[in-house]
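Once you've had a glance at the structure underneath, I'll fire off some questions.
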Amino acid sequence: MTAFHIWTIGCQMNVADSRRLAESLEKYGLEAAQGPHDADVVVLYSCVVRQQAEDRVHGQLHALQQMKAARPHMKVVVAGCVSDIPDWRHRYPFVDLIAEPGQDLTVRDRLVDLLDLSERYRFDPEQAVRVPGISEGVTIHQGCNRSCTYCIVPSTRGGERSRPPAVVLDEVRGLVARGTKEVVLLSQIVERYGRDLRPRVLLSELLRLLDEVEGLERIRFLTSYPGDFGRDLVDAIAELPRVCEDVNLPIQSGDNDMLRRMKRGYVVDNYRQLIQRLRARMPDVGLSTDIIVGFPGETESEHQHTLDMLAEFRFDVVHVAMYSPRPGTVSATQMDDDVPREEKRRRLHDVETLQKRIATEINAGYLGRSVDVLVEGTAKGRWYGRTRTNKLVHFASDEPLAGRLVDVEITATEPWYLEGQLEPAAVLAC
Ligand code: SAM
């Protein structure tokens, strides 16, 4: 379970806000840590009204910097009042998020995004030291109006709300001005973006606007819902130079009866047609999916249908989870969690074993190819970054390459990453 710690200084409002934040994080399933040392995320409610208060905030930030050096997975979030945000970002590059006052998203929502989406779908290598700011998540849409029977999101995050394009554009321009090269547009159901706005806006239209932002190199978005993924979006990914050929499209199961019990609103063949459309326009598109094993009533043959589907569709990455009943959901209140844990574990293992073989084969096809990589940081003394199709690539160089786009020739492949060497004259852009 993820543990949080909140440190608060200053006015009654900070105290009240941090209490509310703690309550809502607990509702979300996080637990309060004993202190910063055993927390996965530390939120610092800052106050800069008097110099003395600000000095204490800086003192805390220095202490957190040392803790984070020892425990790099720990996230640090600054909320409340901050005096000079660009200066703080510069002084404290290890801070994962400054939740600026006056933003149209609550601190909780921004924090949940930080812990949740961007991490889940973007694995960093072991011992990664990510250079902050190069690739940033930008929430564009919150909540979900669907009612998948297993999912708690509609009750924890409420109905769908989009941020107007002008607000998103502003945030992205601001990030680019501070050195960001890639933005990952975040939502629980990203194709629904803009449908609540007046006038209505489509995700593909937002992508076209963002594609014009000077200095931005790459745009990704996640997570998708197959039922809403229109042809306009396929066209936008294929046509727009900054939008990466990288799609996370959760299918959840390869069995139509199971999809009906999950209330997913599509059948496997709808999904098949969609990925055929994507691959027809972009043969190399990076495709990842989510699978739940051991959903109530899942039979051996339904599980086998999922394995058959994975063997047919050949995803680059599969995020697989054992079903867990979430409070208040239809599956938790009206269905029996009747697949034993051992059996769930076996099915999870089946998926992982099959996927490892598929990913090994797909990645082997990269051997000898040249790929363009946006360099995000270092891990174990080498640079790492990602291709447009979201393949993690490691390579060695003594040059300062953080935030650069480079050409790398792939010299070795593994199921979860590629290794390569920098091409001569490889730096494409800064
Ligand atoms: N856009 C996505 C979709 O179409 O489903 C929603 C992403 S969802 C919020 C994140 C992932 O968590 C889901 O794809 C699902 O695989 C997993 N998940 C959600 N509820 C779960 C549960 N009760 N048990 C296991 N995994 C769950």
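The values are calculated or read from the model by the stated rules, or taken from the named source; none is laboratory data. Since the model is a prediction, treat every value here as computed from it, not as a measurement. Using ideal geometry, Cβ is built from the backbone for each residue, glycine included, and neighbour counts are taken over all protein chains shown.
Of all residues in the stretch 110-129, how many are in a loop (DSSP other than H, G, I, E, B) and out of contact with any strand residue (DSSP E or B) (no Cβ under 8 Å at 6 or more places or on another chain)? Walk me through it before giving the result.
Within the stretch 110-129, the subset in a loop (DSSP other than H, G, I, E, B) is 116, 122-127.
Now narrow it down to the ones that are out of contact with any strand residue (DSSP E or B) (no Cβ under 8 Å at 6 or more places or on another chain): 116.
Residues in the stretch 110-129 being in a loop (DSSP other than H, G, I, E, B) and out of contact with any strand residue (DSSP E or B) (no Cβ under 8 Å at 6 or more places or on another chain): 1 in total.
Continuing with the same structure: Consider THR139 carefully, then state whether it is under 29 Å from PHE395 (Cβ atoms), among the β-branched types (Val, Ile, Thr) and in contact with a strand residue (DSSP E or B) (Cβ under 7 Å, 6 or more places away or on another chain).
Answer is no for this residue.
Does the stretch 4-24 hold any residues that are within 25 Å of TYR92 (Cα to Cα) and buried (at least 17 other Cβ atoms within 10 Å of the Cβ), and which are they?
PHE4, HIS5, ILE6, TRP7, THR8, ILE9, GLY10, ASN14, ASP17, SER18, LEU21, ALA22
Rundown of residues vs (1) farther than 21 Å from MET282 by Cβ; (2) in a helix (DSSP H, G or I); (3) aromatic (Phe, Trp, Tyr); (4) at pLDDT below 95, yes/no style:
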position: GLN188; (1), (2), (3), (4): yes, no, no, yes
position: GLU191; (1), (2), (3), (4): no, yes, no, no
position: LEU197; (1), (2), (3), (4): yes, no, no, no
position: ARG200; (1), (2), (3), (4): yes, no, no, no
position: LEU206; (1), (2), (3), (4): no, yes, no, no
position: LEU216; (1), (2), (3), (4): no, no, no, no
position: ARG220; (1), (2), (3), (4): no, no, no, no
position: LEU233; (1), (2), (3), (4): no, yes, no, no
position: ILE237; (1), (2), (3), (4): no, yes, no, no
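Taking into account only those residues within the stretch 4-30 that are over 14 Å from ARG108 (Cα atoms) and not in a loop (DSSP other than H, G, I, E, B), which is nearest to the chain's Cα centre (by Cα)?
Here is the first cut: in the stretch 4-30, the ones over 14 Å from ARG108 (Cα atoms) are 7-13, 15.
Imposing the further condition that a residue be not in a loop (DSSP other than H, G, I, E, B) reduces the set to 7-8, 12-13, 15.
Working: TRP7: 26, THR8: 28, GLN12: 34, MET13: 31, VAL15: 30 Å.
My answer is TRP7.
Okay, moving on. Select, from VAL234, VAL243, VAL183, VAL190, the only residue that is more than 16 Å from the ligand (Cβ to nearest atom), touching a Leu at 6+ places or on another chain (Cβ under 7 Å) and within 27 Å of THR306 (Cα to Cα).
Sole residue among the options that is more than 16 Å from the ligand (Cβ to nearest atom), touching a Leu at 6+ places or on another chain (Cβ under 7 Å) and within 27 Å of THR306 (Cα to Cα): VAL234.
Table: residues versus (1) of a type outside the set (A, V, I, L, M); (2) assigned to a loop (DSSP other than H, G, I, E, B); (3) within 30 Å of LEU418 (Cα to Cα).
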position	(1), (2), (3)
LEU64	no, no, no
MET67	no, no, no
ASP104	yes, yes, no
ARG108	yes, no, no
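Which residue is farthest from the chain's Cα centre (by Cα), if the candidates are limited to the stretch 314-341 and must be in contact (Cβ under 8 Å) with a residue 24 or more places away in the chain and more than 15 Å from the ligand (Cβ to nearest atom)?
This residue is ARG314.
Within the stretch 129-136, does at least one residue satisfy the condition of being touching a residue at least 40 places away in the same chain (Cβ under 8 Å) and touching a helix residue (DSSP H, G or I) at 6+ places or on another chain (Cβ under 7 Å)?
yes
Looking only at residues that are away from the ligand (no atom under 11 Å from the Cβ) and surrounded by 22 or more Cβ atoms within 10 Å (Cβ to Cβ) in the stretch 246-258, which one is farthest from ALA332 (Cα to Cα)? It would help to see each step written out before you state the result.
Step one: filter the stretch 246-258 for residues away from the ligand (no atom under 11 Å from the Cβ), giving 246-247, 254-258.
The next check asks that each one be surrounded by 22 or more Cβ atoms within 10 Å (Cβ to Cβ); those that pass are 246-247, 254-255, 258.
Values: ASP246: 33, VAL247: 30, GLY254: 21, ASP255: 20, MET258: 15 Å.
The qualifying residue farthest from ALA332 (Cα to Cα) is ASP246.
Could you go through the stretch 356-365 and let me know if any residue there is free of Cβ contacts under 8 Å to residues at least 60 places away in the same chain, assigned to a loop (DSSP other than H, G, I, E, B) and within 25 Å of the chain's Cα centre (by Cα).
No: zero hits.
Which residues, taken from the stretch 259-296, are within 11 Å of the ligand (Cβ to nearest atom), part of a strand (DSSP E or B) and either in contact (Cβ under 8 Å) with a residue 60 or more places away in the chain or among the aromatic types (Phe, Trp, Tyr) (or both)?
Selection gives SER288, ASP290, ILE291, ILE292.
Collect the residues in the stretch 2-39 that are in contact (Cβ under 8 Å) with a residue 24 or more places away in the chain, within 22 Å of GLY102 (Cβ to Cβ) and polar (S, T, N, Q), keeping them in residue-number order.
Selection gives THR8, ASN14, SER18, SER24.
What is the residue count in the stretch 144-180 for residues that are within 21 Å of ASP116 (Cα to Cα), assigned to a loop (DSSP other than H, G, I, E, B) and away from the ligand (no atom under 16 Å from the Cβ)? Give the steps one after another, and end with the answer.
Step one: filter the stretch 144-180 for residues within 21 Å of ASP116 (Cα to Cα), giving 144-163, 168, 171-172, 175, 180.
Checking which are assigned to a loop (DSSP other than H, G, I, E, B) leaves us with 144-152, 158-160, 163, 180.
Cutting the leftovers down to away from the ligand (no atom under 16 Å from the Cβ) gives us 163, 180.
Adding up the residues that qualify gives 2.
Looking only at the stretch 31-60, count how many residues are assigned to a helix (DSSP H, G or I) and surrounded by fewer than 20 Cβ atoms within 10 Å (Cβ to Cβ).
Matching residues across the stretch 31-60 total 11.
In addition: Kindly indicate the residue of the stretch 61-89 that is loosely packed, with under 11 Cβ neighbours inside 10 Å and within 20 Å of THR378 (Cβ to Cβ) and also modelled with the lowest pLDDT among those meeting that condition.
In this case the residue turns out to be HIS73.
Mind checking which residues of the stretch 342-352 are surrounded by 11 or more Cβ atoms within 10 Å (Cβ to Cβ) and either without any contact (Cβ under 8 Å) to a residue 60 or more places away in the chain or within 10 Å of the ligand (Cβ to nearest atom) (or both)?
Of everything in the stretch 342-352, those that are surrounded by 11 or more Cβ atoms within 10 Å (Cβ to Cβ) and either without any contact (Cβ under 8 Å) to a residue 60 or more places away in the chain or within 10 Å of the ligand (Cβ to nearest atom) (or both) turn out to be GLU343, LYS344, ARG345, ARG346, ARG347, LEU348, HIS349, ASP350, GLU352.
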